[in-house]
Structure formats: C-alpha cells, structure tokens
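Visitor: Please see the structure below; I have some questions.
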Amino acid sequence: MSQMISGLLLCVILSVSSSAAAARDFSLRYGVKSDDSTLDAFPSTKYLSLGIRDDISLFVYQYEVGTIIDTNPGRSTSAFGIASIGLETKTENIFGFYLLGAGLFSSPDSLLSSVFEFSHDLGIGFKDKRGVGVDLAYRHISNAGLVPPNPGRNFLIMRLSVPWNTVF
C-alpha cells in the first residue's frame, strides 16, 4: 500500500513540475457493474479509484489508486495502484483505449490470482469547454495467464474528470 501511495505522490510531484498543466486532469472512477451482478442490481463488488491523467504527445498516461471491495465468500477486498498508457481523442467527444495498465494489488483472490495484474479499458464520453469530462468504460483486469487460474474481473466504470488547472 505504501508503494501505491508513493507512486501517486510521485505522479502529483511530476504533474506540478510539468509545464503542460492544461492537458492534465484528476479523475474519480466508480464501478457501476461487475462480473458478478446484473445491470439492474447493485453489485456486491464495488470499484472505486482516484487517478491523475496527463497527455504526453499522442498518448495519455494515467496513474490511479483505488480499491475493489468484495463481500462475496472466497474473495477479498483489495487495494491497488495501476499505471496505464493509452490513446484518447483530443476533442470534446472522448473515445479512449488504454493499451496496457500494469498494476499491483494488495491481495489475490479466486478471480485475481496474483498481486501483479494487467488492465485494459475501452470507453466513450464527453468533455465540456472547461475540460470537465464524464465517460463510461468497460474495464477488464486479469494477470494475462501468468498465474493460474486466470478468470479476471470485468467492470462497467463511470469516470468523472476535472482539469488540473481548475483545481489549482
């Protein structure tokens, strides 16, 4: 957990020292559906994270820390830190795909069977003229077959993002 917090602090320090503050934002993600619930039921597994996202030329880099809260038997609540790089359109309509997000999870369980996992997202959303964005994404987390079994987890995630320069 201390490594995840250190990583987020490093990301904040790098963000403060960078000159491209208009292209940086904070984001809050909430999992509205998981692989163990139907869309009309409140999921017993919840996904919550805070992140920092920054444009680096053609690519977008993001770092997030969060938790997967699971009340199902045989599964555990896990804290995580994920660093991702991906592509995202730069218009008011957001279409993004994060190619690779490597992450450290605090505890494995029956679906995430190792502490080292990968994630990828596919999402669509909108930004207003101030840069405040809302999007919906599908996220898959698994260990890419490094440790069996490898069922992974799937989430439907809502994200709210606020530009760095409106916060500071």
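Visitor: Is there a residue being without any contact (Cβ under 8 Å) to a residue 24 or more places away in the chain, among the β-branched types (Val, Ile, Thr) and on the phi < 0 side of the Ramachandran plot anywhere in segment 66-74? Lay out the reasoning, then the answer.
Guide: In the first step, residues of segment 66-74 are kept if they are without any contact (Cβ under 8 Å) to a residue 24 or more places away in the chain; the result is 67, 73.
If we keep only those that are among the β-branched types (Val, Ile, Thr) too, we end up with 67.
After this cut, where a residue has to be on the phi < 0 side of the Ramachandran plot as well, the list is 67.
Yes, segment 66-74 contains a residue that is without any contact (Cβ under 8 Å) to a residue 24 or more places away in the chain, among the β-branched types (Val, Ile, Thr) and on the phi < 0 side of the Ramachandran plot.
Visitor: Does any residue of segment 27-43 turn out to be modelled with pLDDT of 75 or more, in a strand (DSSP E or B) and farther than 17 Å from residue 123 by Cβ?
Guide: No.
Visitor: For residues that are on the phi > 0 side of the Ramachandran plot and touching a residue at least 60 places away in the same chain (Cβ under 8 Å), tally how many sit in segment 125-151.
Guide: Here the count works out to 1.
Visitor: Taking the condition of being farther than 14 Å from residue 108 by Cα and either modelled with pLDDT of 90 or more or within 14 Å of the chain's Cα centre (by Cα) (or both), how many residues in segment 65-80 meet it?
Guide: Summing the residues that are farther than 14 Å from residue 108 by Cα and either modelled with pLDDT of 90 or more or within 14 Å of the chain's Cα centre (by Cα) (or both) in segment 65-80 gives 2.
Visitor: Could I ask something else about it? Please verify whether residue 131 is surrounded by fewer than 17 Cβ atoms within 10 Å (Cβ to Cβ), of a type outside the set (A, V, I, L, M, F, W, C) and part of a loop (DSSP other than H, G, I, E, B), treating the condition exactly as stated.
Guide: Numbers: surrounded by fewer than 17 Cβ atoms within 10 Å (Cβ to Cβ): no; of a type outside the set (A, V, I, L, M, F, W, C): yes; part of a loop (DSSP other than H, G, I, E, B): yes.
It is false that residue 131 is surrounded by fewer than 17 Cβ atoms within 10 Å (Cβ to Cβ), of a type outside the set (A, V, I, L, M, F, W, C) and part of a loop (DSSP other than H, G, I, E, B).
Visitor: Hey, among 52, 68, which residue is in contact with a strand residue (DSSP E or B) (Cβ under 9 Å, 6 or more places away or on another chain), in a strand (DSSP E or B) and crowded, with 21+ Cβ neighbours inside 10 Å?
Guide: Numbers: 52 fails: crowded, with 21+ Cβ neighbours inside 10 Å.
Among 52, 68, only 68 is in contact with a strand residue (DSSP E or B) (Cβ under 9 Å, 6 or more places away or on another chain), in a strand (DSSP E or B) and crowded, with 21+ Cβ neighbours inside 10 Å.
Visitor: Given the criteria part of a strand (DSSP E or B), touching a Ser or Thr at 6+ places or on another chain (Cβ under 6 Å) and modelled with pLDDT of 85 or more, does residue 141 qualify? Full working, then the answer.
Guide: Details: part of a strand (DSSP E or B): yes; touching a Ser or Thr at 6+ places or on another chain (Cβ under 6 Å): yes; modelled with pLDDT of 85 or more: yes.
Answer is yes for this residue.
Visitor: If I go through segment 85-110 residue by residue, how many of them are over 14 Å from residue 58 (Cα atoms), modelled with pLDDT of 75 or more and touching a Phe, Trp or Tyr at 6+ places or on another chain (Cβ under 9 Å)?
Guide: 7
Visitor: Pick out the one residue from 122, 112 that is of a type in the set (A, V, I, L, M), surrounded by fewer than 17 Cβ atoms within 10 Å (Cβ to Cβ) and either in contact (Cβ under 8 Å) with a residue 24 or more places away in the chain or part of a strand (DSSP E or B) (or both).
Guide: None of the others qualify; the one that does is 122.
Visitor: For segment 110-131, enumerate the residues that are among the charged types (D, E, K, R) and more than 17 Å from residue 29 (Cβ to Cβ). Show your work before the answer.
Guide: First, the residues of segment 110-131 that are among the charged types (D, E, K, R): 117, 121, 127-130.
Across segment 110-131, the qualifying residues are 128, 129, 130.
The values are calculated or read from the model by the stated rules, or taken from the named source; none is laboratory data. From a predicted model like this one, the values you see are computed outputs, not experimental measurements. Please note: Cβ atoms are built from the backbone with ideal geometry, for glycine as well, and neighbour counts cover all protein chains shown.
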